[in-house]
Structure formats: structure tokens, C-alpha cells
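Reviewing the structure listed below.
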Amino acid sequence: MNGLKGIHHVTAITSSAERNYEFFTYVLGMRLVKKTVNQDDIQTYHLFFADDQGSPGTDMTFFDFPNIPKGVHGTNEIFKTSFRIPNDAALRYWEERFNRLEVKHTGIKELFGKKTLSFVDFDDQQYQLVSDEHNKGVAAGTPWQKGPIPLEYAITGLGPIFIRTASGEYFKEMMEKVLLFKEIDAEGSLHLFEVGEGGNGAQVVVEYNADLPQAQQGFGTVHHVAFRVDDRGQLEEWIKRLDSFRLPSSGYVNRHFFESLYARVAPQILFEFATDGPGFMGDESYETLGEKLSLPPFLEPQREQIEKLVRPIDTIRSTKDLVKE
């Protein structure tokens with residue numbers, strides 16, 4: 001059985017696709033690599049922010065469900081997403097940047113021997129920058145070459161994902177026996193698991209917390225996290241494996257940009273298993289990634305209807321020169 005290779009993407013919910021685009025493009029300097037719609041709810045945008053190439057392991061994606069209430073943070077949720085940056089010096093750049101741009105943050109701290117900087121966006125979505133200074137394991141992506149962040153400080157992909165659960169013992173068993181993660185460290189109520197080659201791009205931090213009230217999903221919260229597999233063959237192996245543990249799953253789902261499988265691995269915790277390919281370059285060129293409304297072939301016949309349902313967002317950047325700050 002081939003284990004998971006690391007984190008593939010994180011999908012969260014935003015109150016505003018427009019503000020979300022502005023924040024990720026101009027504050028965080030991540031590249032919009034795909035502007036599409038939720039394939040199960042076509043009136044809802046699905047925006048994908050990633051590295052320069054849209055590499056697996058670097059995507060943070062967002063739905064903007066109409067009229068959804070604000071989420072409530074608590075236990076039983078995927079509650080924080082990390083982004084990798086090259087080194088400790090880069091963290092100092094980001095701390096100054098956040099101060100200047102009035103982004104709420106905690107200041108630089110240390111967790112599991114790594115320097116980190118936690119911050120929130122306009123929806124109170126929880127994030128963390130993590131330094132790759134001493135990191136080994138899954139390779140980082142490529143910073144957005146034409147973005148506003150100097151390349152030596154820019155975000156290069158996803159780091160450890162934080163999950164809170166009220167049932168620590170059950171979740172540890174799920175992570176180790178079913179999903180083949182290993183617990184490699186613990187600090188207080190926080191437990192560090194990793195998979196595959198390990199390192200920041202393949203780690204999950206699990207907080208055992210039965211005291212907080214139950215989280216409620218809404219804007220400002222994470223919808224699911226996805227982990228990498230090579231191809232459809234490995235996806236089919238995982239479907240059989242989950243079946244053997246009597247864990248209900250979606251079965252095979254073709255998302256066009258990758259192929260997937262979904263399973264709720266604990267109360268309110270949705271995991272996806274996603275293939276590395278085909279990726280985001282199929283219908284757009286490198287130069288203009290994310291600038292047009294991209295639809296998978298099965299939705300293309302409904303383009304006219306979909307374009308009336310989703311308001312236009314100007315995401316053209318290829319004609320602009322973004323000044324590195």
C-alpha cells in the first residue's frame with residue numbers, strides 16, 4: 001500500500017470572493033491559478049491560489065457560498081492552515097509587512113522547533129506562516145515570480161494543517177492505523193503527525209480538546225483538507241482500504257483538474273485524497289492562469305447560464321507590473 005505523499009490542498013469558505021482575491025493576491029502574494037465554480041453548486045465561485053506553477057501541495061482554495069453565516073471556531077474542526085516560507089529571516093519581513101498592512105497577527109513564536117507567525121484575514125480565517133529554515137522532506141513549490149513579494153521571502157506552499165478533535169484517542173487511531181501517519185512529537189495538547197517524506201509539507205498538528213464548544217462551519221472556516229496520491233490506481237487502492245475499515249467514502253470523483261475521493265474521518269472532519277495531475281494548465285497558458293472563468297468540460301455547455309449566476313471578477317494580472325515590496 002502506497003501511503004499519502006503529503007498535503008495536496010486546503011479548501012475554505014469566504015464571505016467575499018472579491019476581498020479574498022485581493023487579500024491572497026496583493027497581501028500574501030499567492031497566484032490565482034484557477035477561477036472556476038463549485039462543481040456541486042454552480043452559483044458559487046471556487047478560487048485556487050497556489051505557487052507560480054499551480055503545483056500540488058501549494059493550493060489554498062475558497063468557496064463563496066451565497067448567504068452562508070459566519071463560522072464559529074471550536075473543537076472538531078480543521079482550524080488553521082500553514083504556508084511555508086524559506087527561512088526565519090522571511091518571517092521578520094512578514095511581521096513588518098503585516099504591521100504595515102494592519103493584518104492581525106500574534107508575532108513570531110516557536111512550535112515543534114520551528115519559527116511561526118499566526119495571522120487572520122477579514123473573515124477571521126486562521127493561518128500561520130512556518131519557516132523552512134531547518135526543514136527536510138516534501139519539496140517546496142516555486143514562489144509566484146511576478147507577484148508583489150520579493151522571491152526570497154515569498155510563500156512556497158502549504159505547511160502543517162491544524163485540527164482540533166474532542167476524541168483524541170479515536171483520531172490518533174484513525175491517523176495511524178487507517179491513514180498511515182506517524183506521531184513524531186507532542187507539546188502539551190498538540191500532537192504532530194507526518195506522512196510520506198515528512199517535513200512541513202506533510203504534517204498535521206492535532207489538538208485534543210474536549211472543552212471548547214463544537215465548531216460550526218460557515219465563512220471563515222475550513223471546508224476540507226486534501227492529501228496527495230500519485231494517480232487513479234492509488235486512489236482505487238485507498239477506496240478499497242477505506243472500505244476494509246468500513247469507513248464510508250464518496251468513491252471515485254473526477255474533478256477534472258485532479259481526481260478525488262472524500263471521507264469524513266471524524267465528526268466534522270472531511271479529508272480528500274487527490275491525484276497530483278492533470279493540474280491547471282489544460283485550458284489556460286502559464287502567462288494568463290486564473291484570468292478567465294475556467295469550466296470543466298461537463299459544465300462548458302452551461303457556460304452562458306453560469307456566467308449570469310456568478311458576478312464577474314477582474315482577475316487579469318498579465319497586463320500589470322506588480323511592484324515587489
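In region 7-309, what is the volume of the convex hull around the alpha carbon atoms, normalised per residue and reported in Å³? Can you show the working numbers first?
Values: hull volume 37.9 nm³, N = 303.
Cα convex hull per residue, to the nearest whole number: 125 Å³.
Would you grab the residues whose amide H sits under 5 Å from the one on residue 154? Only those 5+ places off in sequence or on another chain, please, with H modelled 1.01 Å from N.
none
How high is the relative contact order of region 196-300, given as a whole-number percent (alpha carbon pairs under 8 Å, six or more residues apart)?
On the way: 106 pairs, mean separation 24.0, N = 105.
With pairs under 8 Å counted, the relative contact order is 23 percent.
How many nm is it between the label spots at residue 177 and residue 41, if each spot is 7 Å from the Cα in line with the beta carbon?
The answer from the label model is 3.4 nm.
Using only Cα atoms, what is the ratio of the radius of gyration of region 1-160 to 2.2 N^0.38 Å?
For region 1-160, the normalised Cα radius of gyration is 1.02.
Kirkwood Rh and Cα-based Rg: tell me the resulting Rg over Rh for region 121-225, rounded to two decimals.
Details: Rg = 15.7 Å, Rh = 15.6 Å.
Dividing the radius of gyration by the Kirkwood radius yields 1.00.
Using the basic label-point model (7 angstrom from Cα toward the beta carbon), what is the residue 254 to residue 186 distance in nanometres?
The answer from the label model is 4.5 nm.
For residue 105, enumerate residues with amide H under 5 Å from its amide H, sequence gap 5+ or separate chain, H modeled in the peptide plane.
none
Which ³J(HN,Hα) values, rounded to whole Hz and listed in residue order, are derived for region 59-72 from phi using the Karplus coefficients 6.51, -1.76 and 1.60 in 6.51 cos²θ - 1.76 cosθ + 1.60 with θ = phi - 60°, glycine and proline given as x?
Going residue by residue, I get 8, 10, 10, 9, 9, 10, 4, x, 6, 7, x, 5, x, 10 Hz, with x marking Gly and Pro.
What GluC sites (Glu not before Pro) in region 57-117 are in a loop by DSSP, with at most 14 other Cβ atoms within 10 Å of the Cβ?
Values: sites: 77, 95, 96, 102, 110; in loops: 102.
The qualifying sites are 102.
Beyond 26 Å between alpha-carbons counts as too far, so tell me which of 5/172; 70/136; 70/104; 80/109; 136/177; 115/324 fall in that bin. Intermediate results must be reported in sequence, preceding the final value.
Values: 5/172 19 Å; 70/136 37 Å; 70/104 18 Å; 80/109 15 Å; 136/177 24 Å; 115/324 24 Å.
Result: 70/136 exceed 26 Å.
With r as the distance between the Cβ atoms of residue 110 and residue 300 and R0 = 35 Å, compute the FRET efficiency 1/(1 + (r/R0)^6) and round to 0.05.
Details: r = 49 Å, r/R0 = 1.40.
Given R0 = 35 Å and the Cβ-Cβ separation, E is 0.10.
Roughly what % of DSSP beta bridges within the chain run antiparallel, to the nearest 5? Please list the in-between numbers first.
On the way: 52 of 75 bridges.
Bridges in the chain that DSSP calls antiparallel: roughly 70 percent.
No lab work stands behind these numbers, since they all come straight from the coordinates. Since this is a predicted model, take the numbers as computed values, not measurements. Reconstructed Cβ throughout: ideal geometry from the backbone, glycine too, with neighbour counts over all protein chains shown.
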